[in-house]
Amino acid sequence: MRKELFYGLVGFTLLLGFVSACADKPKNGRTDTYSSGAISFASDESFSPIIDEEIQVFESIYRDAKLTPIYTNELDAVNMLMKDSIQLAITSRNFTKQELENLKARNYLPVAIPLAYDGLSLIINRENTDSCISVKDIKRVLSGQAKTWGDIVPGSKRGEILVVFDNNKSSTVHFCVDSLLSGKPINSPNIIAAKTSKEVIDYVEGTPNAIGIIGSNWLNDKRDTTNTTFKKNITVMSVSRFDKATEMNSWKPYQAWLANGRYPLVRTIYALLNDPINGLPWGFAHFIESYKGQLIIMKSGLLPMYGNVTIKSVNVSD
């Protein structure tokens with residue numbers, strides 16, 4: 001009798017535990033928390049170098065967390081977020097009004113967290129000495145008004161301008177269409193779409209008359225901890241707000257020139273969240289905006305959104 005009572009109590013206790021566990025499990029099947037579990041999230045491929053570093057540090061701090069990035073184009077990343085396939089997307093734009101209305105109508109609470117400033121960079125072959133360009137001429141090239149190097153550099157014999165992007169649905173294309181062409185499509189007759197930012201660099205390295213357009217976080221020479229040296233296999237163009245670009249009025253996408261507004265092609269990197277349980281996607285996004293996450297951004301060559309950045313002028317004498 002006592003054995004039957006004992007086994008009955010044990011069975012009842014196990015049943016209660018099973019029922020309790022089922023009750024605690026979210027309906028969507030997610031079990032991740034702010035600092036543990038396993039998730040996938042999407043990011044525009046152009047941000048992959050900095051995102052890889054953020055993941056490495058985050059997982060070294062939170063050993064029970066596993067983050068799997070899906071590097072794709074910005075359009076597909078946002079579409080995945082809207083379909084609730086993922087809960088976090090790293091992009092170069094905020095939610096649109098229509099996207100916010102759509103998510104809120106489905107009882108979601110979308111959040112956009114600005115993380116950093118990135119300079120959209122123009123790169124050319126090392127043999128090309130025409131390394132200054134104006135915003136006006138960039139617009140002329142993208143709109144098809146300027147088709148050859150002679151159209152923007154009088155007397156140049158370099159022939160046609162070949163423009164290469166990382167992807168035809170990427171954040172770089174979106175920036176050029178939205179911010180430079182006021183919503184009009186790119187109309188250059190010589191547009192080439194590579195698959196990745198690395199392929200853009202490789203193409204420009206081997207093509208003397210090409211201009212590549214990529215994010216500046218792909219350009220830093222990692223051996224230089226001051227973030228003032230770009231990769232040696234290509235040349236980063238200096239960009240001017242003035243109609244005629246010269247060495248004196250043109251600037252490269254260094255952190256200081258992003259901060260003081262001298263470099264004109266600046267975009268904001270966002271973490272777009274649609275995470276109703278405030279789990280691991282939320283935790284990782286807030287890590288990137290924390291002191292440690294912003295320090296990683298600072299060391300990558302981008303301009304962190306938060307924290308004090310001091311710019312000092314230094315006179316160097318012999």
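Values quoted throughout were computed directly from the atomic coordinates according to the rules given, and no laboratory measurement underlies them. Note that the coordinates shown come from a computational prediction; the quantities given were computed from them, not determined experimentally. With ideal geometry, Cβ positions are generated from the backbone for all residues, glycine too; neighbour counts draw on all protein chains shown.
State the extension gain, in nm to one decimal, for the chain segment bounded by Thr148 and Arg241, taking 0.36 nm per residue of separation less the distance between their alpha-carbons.
Details: separation 93, 0.36 × 93 = 33.48 nm, distance 2.10 nm.
Here the segment from Thr148 to Arg241 would lengthen by 31.4 nm.
Would you pull out the residues with amide H under 5 Å of Lys66's amide H, same chain only if 5 or more places away, H placed 1.01 Å from N?
Sorted by chain and number, the residues that satisfy this are Gly37, Ala38, Ile39.
Any of Lys198/Lys232; Lys198/Lys244; Lys104/Lys184; Lys139/Lys252; Lys83/Lys195; Lys157/Lys184 with alpha carbons more than 20 Å apart? Name them for me.
Going by Cα-Cα distance, Lys198/Lys244; Lys104/Lys184; Lys83/Lys195; Lys157/Lys184 fall outside the 20 Å limit.
What net charge is computed for the residues neighbouring Asn168, neighbours being all others with C-beta under 12 Å from the C-beta of Asn168, Lys and Arg scored +1, Asp and Glu -1?
-1
Add +1 for every Lys or Arg and -1 for every Asp or Glu among the other residues with Cβ under 14 Å from the Cβ of Leu180, and state the total.
Computed value for this residue: +4.
For Asn73, what charge total do you get from the other residues with a beta carbon under 14 Å from its beta carbon, if Lys and Arg give +1 and Asp and Glu give -1?
Neighbour charge sum, excluding Asn73 itself: -3.
Give or take rounding to whole Å, what are the principal axis extents of the alpha carbon atoms in region 116-254, in descending order?
40, 33, 28
At Asn278 and Asp84, where each label point lies 7 Å from the Cα along Cα→Cβ, what is the point-to-point distance in nanometres?
It works out to 2.0 nm between the two label points.
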